[in-house]
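The values are calculated or read from the model by the stated rules, or taken from the named source; none is laboratory data. Being a predicted model, the structure only gives us computed values, none of them experimental. Positions of Cβ are backbone-derived with ideal geometry, glycine not excepted, and every protein chain shown enters the neighbour counts.
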Amino acid sequence: MIKTDLKEYAELLGGYSELRLHENRNTNVMLMNGNLVGNENSSSGGLSARVYKNGAWGFASSPGAELDTAKKVMAAASRNADFLDSRLKKGLPPLPAMAAHGIYDLSTKKPRRSQKELVDFISEIDGYIASKYKGLKGRRVLIKNLDMEKAFLNSYGSSFYSVTPRSVLMVFLFAEKDGAVVDHWEDVSSVGHFEDVFTEPSALFNWVDGVYERLMQKVSGIYPEAGHKECILDASLAGILAHEAVGHTTEADLVLGGSVAGALMGKPVASSMVNLTDFAHTAFGKPCHIPIYVDDEGVEAKDAVIIKDGVLTSYMHNRESAVHYGAAPTGNARASEFSDEPIIRMRNTAILPGTDRLEDMVASVDDGYYLAGWTNGQADATSEFTFGVKSGYEIKNGKFARSLRGATVSGVAFDLLKTVTMLSSEMNWSALGMCGKKQSIPAAMGGPAVKCVMNIGGR
Amino acid sequence: MSDKNTALFCLESLKKAGADKAQCVLVNTEKNELNVDADKISLMRTSYNTNIRFTAIKDGRRGSSSLNGFLKPDIERVAASAVENAKASPADPAYDIAPRQPAKVFDNKIVTPDLDAMYDRLSTLLAQARVKYPLLKLSQAILNFNRRMEYFLNSNGVDFTSNSGYYDAFVFFLSQDGKKTSSFNYSMYTARDMKKEIIDTVSIDTLFRQSAEQLNTRPLEGKFEGEIIVTPVCLINFLQFITTMAIRDASLISGSSVYKDKLGKQIASQAFTLRSKPVSDEIVDGYYVTPDGFEAENTTIIEKGVLKTFLLSLYGANKTGLPRVSNTAGCDVIEPGDKTLEELAAPIKKGLLVARVSGNNPTEGGDFSGVAKNSYYIENGKILYPVSETMISCNIPKMFMDIKGISRERVHFGNSVYPWISFGGVTVSGK
């Protein structure tokens, strides 16, 4: 638990400057074939200061939370801003003043589980797998929990305190077929402390059975044929498409850096049924996995409606990019570690659901694929993307046929989105993602099932 | 309290909390950083940190914890938590810490950043790029000076102090011409000083030139099996399947490694030799001590295609009964070949010069597929034009067994030294 209020340091602030006290706490527990290979908790935190001077930023950070640390980092950040300002001489005016406040503590009210209880929790799951599925080549079960705790104050009067926990449990299973190892993994992840997300290990046994079943389908599966095919993307793939292929190209700092979306504002970039939003904290009346109410520049966070009815309508902004584009800030500035400056980051990015039933979507495909789950994803400034796909099925004459062992898919997002013809009414969110743009930070993504045309990488 | 005394206090705190075997690593870092965003120098950063990592073994059980900071009550609390974590663990005879070795102080004697030189190198890069490559957009550049002091102590008497400093640079760029945008590309390196202009380092000038060419890409039609030449900056995408996955603890303990029975056997063409040289002059930002507490040594991982060592930690070695590696890998140096880039391309009927890949994580078996980015089509020995929407699929173990040639020229990235390598048996598929 850190200080919840930095007002005692207010006299250190001037011009545009900010102080952030920030601590990340990680818990990692991992069993590999029953061997405990990860058993650690760690914390990393301290104070950072950022100072704006005529268009130049100075930043400094140090462990500690007391006045002497605040003075040290503020002095170093000011020196750095002076160093750059004296050389760059940009002469830009002050950033617009706007303030926001709040306390957003999502900590559990339940008693916290000890490290031993966490080890026992995954040991029970591991034991279940080991006893029930003896033919497996290998197995891994792990817990990765992250608490982000922040207290913030800036010279424009913004202040907030937040605790945002995230809990992740993953199961990896390995089988062998004809001398080749086939793997499959799935996760259960959510905003919230472990105690609020998970109950008893036995409550996950059905899910574990499903992971095994999907592994066995991959073992007997085929690799898809290379080429352009009609596809149904499951909700998790729609989410990574929203995040990687569209989201990054519409972050205003990357637009300034040359993204293709710079020339597309106000233009059709997708089928008219496609809507895509980066939600700040609440979507469809429910709290999001990455709830941001006030961002790390002290700006009230608002939804960024990126695509509305197929037309590109907004970028995601921080204070500075909003001034550049004459837009309202969207509160997308976030910092990952105490030693990181806030940069434009996605929060909860999703393609919005449509009105179709998944059964009807599958039935509408004569020769294509149903693609499920992602392993990783990368995208380009051109909106060209590549995703690893975990599993799926052939679709022949409107029905699932053979299962897939995995695939790599690629395309140009702003082309692919124009081929979208159906969107399911159901959508899913994932809280597993760690976005790696300069700093690694949790990001949520979601979407419905999407029918579109996609390039499949075969063998 | 000095840093060394703080480290000693950490070790004592672990013992006092009940650890039978104790290890602590205290790392003090200072980073000075300059950023370019969208063609403009934007931010200057100074970061200080003290990180302490505790490992405790009690009754054959192991636990770890870490914190950043140096206050005594925090140290005592987190040391005790490492011991508590150990109690939560099942006993495993493979848990251990390094044996006593002679105490040593290592120092590369690079202590102070030259901030003016850092600023000058970045502003010169921006000016040179503007004049020479007017379509280039330097989306981001980061120039750091990193200072690191590490104290590694354990209850067997290990006592290592390492002081090091180095610069690192990262450039991330694309080209724009009206509404046309090229694929982004990037490069990075580490250096002992800031004497050399950034554009003259690690092929950055060539990559800037190619970026403008890549505004006009052409898709490939159809699918073929051919050869690819992988550039030095891209090689890590394939090599890391071996060095960070297949011959490491996780794959070998779980038995899923394709190389599990290959120690002393051929896993690559005879032309391929890979060394890990963390304590070599060829490497700028190496390391002196392994994460297990052993003094690091240079080692040969693959010699003339033969796998000479797995990259097992102390735990992995104890668990599998196989030998521990004498460092923790990285700091790769690949021996040069005898060909020019033109000679590598000459025998290729149809193939690609692959400068970046955007792809899936390889499977445990080494199957990989991804999009070839910033890459060029090769036909009848000539490197012709940049391609778009072109995927490559391969099996990485088979690729390394099918090396067609290695270049004489290598690129020194500071943390690795890589040549261009030509591989056969890769499936290339276009639209």
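When residues in segment A:204-220 are screened for being buried (at least 19 other Cβ atoms within 10 Å of the Cβ) and of a type in the set (A, V, I, L, M), 4 of them pass.
Elements of the type strands (runs of 3 or more DSSP E) sitting completely within segment B:361-418 and holding at least 1 residues that are assigned by TED's automatic domain parsing to the domain that holds B:Ser429 and surrounded by fewer than 19 Cβ atoms within 10 Å (Cβ to Cβ): these cover B:376-379, B:382-388, B:403-412. Within segment B:77-116, which residues are within 13 Å of chain A (Cβ to nearest Cβ), closer than 25 Å to B:Ala191 by Cα and hydrophobic (A, V, I, L, M, F, W, C)? If the condition is that a residue be within 13 Å of chain A (Cβ to nearest Cβ), closer than 25 Å to B:Ala191 by Cα and hydrophobic (A, V, I, L, M, F, W, C), then B:Leu115 is the only one that fits. Considering each residue of segment A:264-285 in turn, none proves to be surrounded by fewer than 24 Cβ atoms within 10 Å (Cβ to Cβ), out of contact with any Leu (no Cβ under 6 Å at 6 or more places or on another chain) and part of a helix (DSSP H, G or I). Confirm whether B:Met1 is more than 9 Å from every other protein chain (Cβ to nearest Cβ) and in contact with a Phe, Trp or Tyr (Cβ under 9 Å, 6 or more places away or on another chain). Criteria met by B:Met1. The residues in segment A:35-74 that are out of contact with any Pro (no Cβ under 8 Å at 6 or more places or on another chain), in a helix (DSSP H, G or I) and at the interface with chain B (Cβ under 10 Å from one of its Cβ atoms) can be counted, and the count is 2.
State which residue is nearest to A:Arg319 (Cα to Cα) when the search covers only segment A:80-89 and only residues that are surrounded by fewer than 21 Cβ atoms within 10 Å (Cβ to Cβ) and within 8 Å of chain B (Cβ to nearest Cβ). If we take residues in segment A:80-89 being surrounded by fewer than 21 Cβ atoms within 10 Å (Cβ to Cβ) and within 8 Å of chain B (Cβ to nearest Cβ), then A:Leu88 is nearest to A:Arg319 (Cα to Cα).
If you filter segment A:394-413 down to residues that are in a strand (DSSP E or B) and surrounded by fewer than 19 Cβ atoms within 10 Å (Cβ to Cβ), you find that the one that is nearest to the other protein chains (Cβ to nearest Cβ) is A:Arg402.
Looking across segment B:1-32, just one residue is part of a helix (DSSP H, G or I), in contact with a helix residue (DSSP H, G or I) (Cβ under 9 Å, 6 or more places away or on another chain) and of a type in the set (Gly, Ala, Ser), and that is B:Ser13.
Within segment A:223-236, the set of residues being surrounded by fewer than 18 Cβ atoms within 10 Å (Cβ to Cβ) and either of a type in the set (Ser, Thr, Tyr) or within 13 Å of chain B (Cβ to nearest Cβ) (or both) comprises A:Tyr223, A:Glu225, A:Gly227, A:His228. Among the residues of segment B:33-67, what is the count of those that are in a strand (DSSP E or B) and over 23 Å from A:Met30 (Cα atoms)? The total comes to 16.
Where strands (runs of 3 or more DSSP E) fall wholly inside segment B:80-181, the ranges with 3 or more residues that are in contact with a Gly (Cβ under 9 Å, 6 or more places away or on another chain) and in contact (Cβ under 8 Å) with a residue 12 or more places away in the chain are B:136-154, B:159-177. Taking the criterion of being buried (at least 19 other Cβ atoms within 10 Å of the Cβ) and farther than 13 Å from A:Phe152 by Cβ, the residues of segment A:1-22 that qualify are A:Leu12, A:Tyr16.
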